[in-house]
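Trainee: Sharing a structure, written as structure tokens. Questions coming.
The values are calculated or read from the model by the stated rules, or taken from the named source; none is laboratory data. All of these numbers come straight from a predicted model, not from anything done at the bench. For neighbour counting, all protein chains shown are included, and Cβ atoms are generated from backbone atoms with ideal geometry for every residue, glycine included.
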Amino acid sequence: MSTRANPLARVATLFVSFAIACSDDAGSTVEVGSPSGAAARSSGGSVGSATSSGSTAASGSSTASGSAVASGSTTSSGAGEVPTEACTGLPIEPSPEDGAAGADAAGAAGAATIEACEGVSLEAEAVPIDVFVMMDRSQSMGVAVEGSTTTRWEALHAAVQSFATDPGAAQIRAGIGFFSRSGNGDDARDCDPDAYSEPAVAIGLVSDVGLDLVTAMDSVVPGGLTPTVPALQGAISYARSSAQANPGRATSVVLVTDGFPTQCDNEPDRIAQAARAGYESPEHLRTFVIGVGDVARFNLDRYARSGGTTAAYLTEAGAVTRSFVQALNNITERALACEYQLPPPPDGMKLDSTKVQVTYTPAAGDPEEVPSIASFAACARNPNGGWYYDDSEQPSKITVCPCTCARLQAGRVDVRLGCKPRLGLR
């Protein structure tokens, strides 16, 4: 059974600093500073911790065994390739010689400096995470783990049971589904994405559905082929509906597989496209990937990158149960630094959505500003990353580009209301 420092650590502990201007004339603000996951997890390894130079590991870039995976990966938004490797923002106080470069990277306001902001501190609520596991039950899951008489399926069953009965996981919300549906290569059942949008166990608190997760594993035996494309499409469809019903939470899909797709539409590109569609959806779903056994690492990394999580987790041949639980811990304990709720302004102040800044102070290094952009599509054009609103007319949430998300894993984020932002390429 895995260990956790406390039950609250199972909720992604992302804290956002808000500086709220009291008046435009005085330029006074309310400023808040709080860490966003600066400390490494005591179990499950460090995710995105800052280095001495102030750079961070890319989001989701460690394997289940804790080894780092460097990546210069990209995902497509339909308007060019969108970088997913961690990128730095713009200097807070650029020097005159940096003005031209700043303008190229962040628009005509590239050489502007941040307005002075003063005030009192407020702390944002943590961003809780929901996970929907789509579990491969193909016949190869019945193969014995290397050097053991235990099958992959038995090892995963033990891992799910350990996760589901751990008191530290009680406040996590999780659900599960399986592919294929038939277990015997029936294309009519196995190739329909809608078949996978109905979960075996709907997302719910592990304290409530933990035993259901284990029972669901009990009711399934390895068999059939590997229809990964429709399975992931269906999982994302269900996760989107869950996210829409729970707007205050961050929902992710966890694809667990031990093999290459062998049924239905089995092109790896189509799997990557499905993951990308979820990530680029209004619900901004991320797809995590856990590989079991001797898998094609290159393909799994592609799926993870397309789903906004940079790299796949791999279980260890001699410790499938332990490393699978560790991967789940890493996924559910990580701070989600992609989305921030836009708080209402204090009494007497009207929100001006054109005067909102996002700045980041890493655990080691100088503060930087994240430029304001129009939408996700503009992430492809901005080497310094960026942030954008969920709704430009009635904004309630700020979302950052994938490369910025990978950057904001250790340090302090400030969302400043009442201060004019530097603009990225629109």
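Trainee: Got a sec? Which of Phe298, Phe324 is without any contact (Cβ under 8 Å) to a residue 60 or more places away in the chain, over 16 Å from the mean Cα position of the chain (by Cα) and assigned to a helix (DSSP H, G or I)?
Mentor: Just one listed residue meets the conditions, Phe298.
Trainee: Considering only region 219-239, state which residues are touching a residue at least 24 places away in the same chain (Cβ under 8 Å) and either outside any helix (DSSP H, G or I) or basic (Lys, Arg) (or both).
Mentor: Val220, Val221, Pro222, Gly223, Gly224, Leu225, Thr226, Pro227 - these are the residues of region 219-239 that are touching a residue at least 24 places away in the same chain (Cβ under 8 Å) and either outside any helix (DSSP H, G or I) or basic (Lys, Arg) (or both).
Trainee: Across region 283-295, which residue is nearest to the chain's Cα centre (by Cα) among those that are surrounded by fewer than 24 Cβ atoms within 10 Å (Cβ to Cβ) and within 12 Å of Ile236 (Cα to Cα)?
Mentor: His284
Trainee: Considering every residue within region 267-278, establish whether at least one is modelled with pLDDT of 90 or more, in a strand (DSSP E or B) and within 23 Å of Tyr238 (Cα to Cα).
Mentor: no
Trainee: Let me ask another. If Gly308 meets every condition in (1) buried (at least 24 other Cβ atoms within 10 Å of the Cβ); (2) at pLDDT 90 or above; (3) of a type in the set (Gly, Ala, Ser) apart from one, which number is that one?
Mentor: (2)
Trainee: Could you give every pair whose Cβ atoms fall below 6 Å, whose first residue belongs to region 379-393 and is under 14 Å from Thr354 (Cα atoms) and assigned by TED's automatic domain parsing to the domain that holds Ala406, and whose second residue is buried (at least 16 other Cβ atoms within 10 Å of the Cβ) and modelled with pLDDT of 90 or more, counting only separations of at least 6 or pairs across chains?
Mentor: Trp387/Val370; Tyr388/Ile373
Trainee: Taking the residues in region 407-426 that are more than 16 Å from Ile373 (Cα to Cα) and among the small types (Gly, Ala, Ser) as candidates, determine which candidate is surrounded by the most Cβ atoms within 10 Å (Cβ to Cβ).
Mentor: Ala410
Trainee: Still on this structure: Kindly indicate whether any position in region 237-255 is crowded, with 16+ Cβ neighbours inside 10 Å, in contact with a strand residue (DSSP E or B) (Cβ under 9 Å, 6 or more places away or on another chain) and more than 22 Å from His284 (Cβ to Cβ).
Mentor: No, region 237-255 contains no residue that is crowded, with 16+ Cβ neighbours inside 10 Å, in contact with a strand residue (DSSP E or B) (Cβ under 9 Å, 6 or more places away or on another chain) and more than 22 Å from His284 (Cβ to Cβ).
Trainee: Looking at this structure, is Asp366 touching a residue at least 40 places away in the same chain (Cβ under 8 Å) and closer than 16 Å to Leu351 by Cβ?
Mentor: It is false that Asp366 is touching a residue at least 40 places away in the same chain (Cβ under 8 Å) and closer than 16 Å to Leu351 by Cβ.
Trainee: On to the next question. Go through (1) polar (S, T, N, Q); (2) closer than 28 Å to Gly89 by Cβ; (3) not in a loop (DSSP other than H, G, I, E, B) one by one and return the number of the condition Asn329 breaks.
Mentor: Condition not satisfied by Asn329: (2).
Trainee: So, in region 387-419, how many residues would count as being part of a loop (DSSP other than H, G, I, E, B) and either on the phi > 0 side of the Ramachandran plot or in contact with a helix residue (DSSP H, G or I) (Cβ under 6 Å, 6 or more places away or on another chain) (or both)?
Mentor: Residues flagged as part of a loop (DSSP other than H, G, I, E, B) and either on the phi > 0 side of the Ramachandran plot or in contact with a helix residue (DSSP H, G or I) (Cβ under 6 Å, 6 or more places away or on another chain) (or both) within region 387-419 amount to 2.
Trainee: Further question: What about Ser242, is it at pLDDT 95 or above and assigned to a helix (DSSP H, G or I)?
Mentor: Answer is yes for this residue.
Results for (1) without any contact (Cβ under 8 Å) to a residue 60 or more places away in the chain; (2) crowded, with 19+ Cβ neighbours inside 10 Å; (3) among the polar types (S, T, N, Q); (4) outside any helix (DSSP H, G or I), shown as yes or no for each residue.
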{"residue": "Val160", "(1), (2), (3), (4)": "yes, yes, no, no"}
{"residue": "Ala164", "(1), (2), (3), (4)": "yes, yes, no, no"}
{"residue": "Phe178", "(1), (2), (3), (4)": "yes, yes, no, yes"}
{"residue": "Ser182", "(1), (2), (3), (4)": "yes, no, yes, yes"}
{"residue": "Gly185", "(1), (2), (3), (4)": "no, no, no, yes"}
{"residue": "Asp194", "(1), (2), (3), (4)": "yes, no, no, no"}
{"residue": "Gly210", "(1), (2), (3), (4)": "yes, yes, no, no"}
{"residue": "Met217", "(1), (2), (3), (4)": "no, yes, no, no"}
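Trainee: Let me ask you something else. Consider Tyr388 carefully, then state whether it is closer than 25 Å to Thr287 by Cα, in contact with a Ser or Thr (Cβ under 6 Å, 6 or more places away or on another chain) and hydroxyl-bearing (Ser, Thr, Tyr).
Mentor: Considered against the rule, which asks whether it is closer than 25 Å to Thr287 by Cα, in contact with a Ser or Thr (Cβ under 6 Å, 6 or more places away or on another chain) and hydroxyl-bearing (Ser, Thr, Tyr), Tyr388 comes out as yes.
Trainee: Could you check, for region 348-356, whether at least one of its residues is in contact with a Pro (Cβ under 7 Å, 6 or more places away or on another chain), free of Cβ contacts under 8 Å to residues at least 60 places away in the same chain, not in a strand (DSSP E or B) and not charged (D, E, K, R)?
Mentor: Taking every residue of region 348-356 in turn, at least one turns out to be in contact with a Pro (Cβ under 7 Å, 6 or more places away or on another chain), free of Cβ contacts under 8 Å to residues at least 60 places away in the same chain, not in a strand (DSSP E or B) and not charged (D, E, K, R).
Trainee: In region 358-376, which residue that is hydroxyl-bearing (Ser, Thr, Tyr) and in contact with a Pro (Cβ under 9 Å, 6 or more places away or on another chain) is modelled with the highest pLDDT?
Mentor: Top of the filtered list is Ser372.
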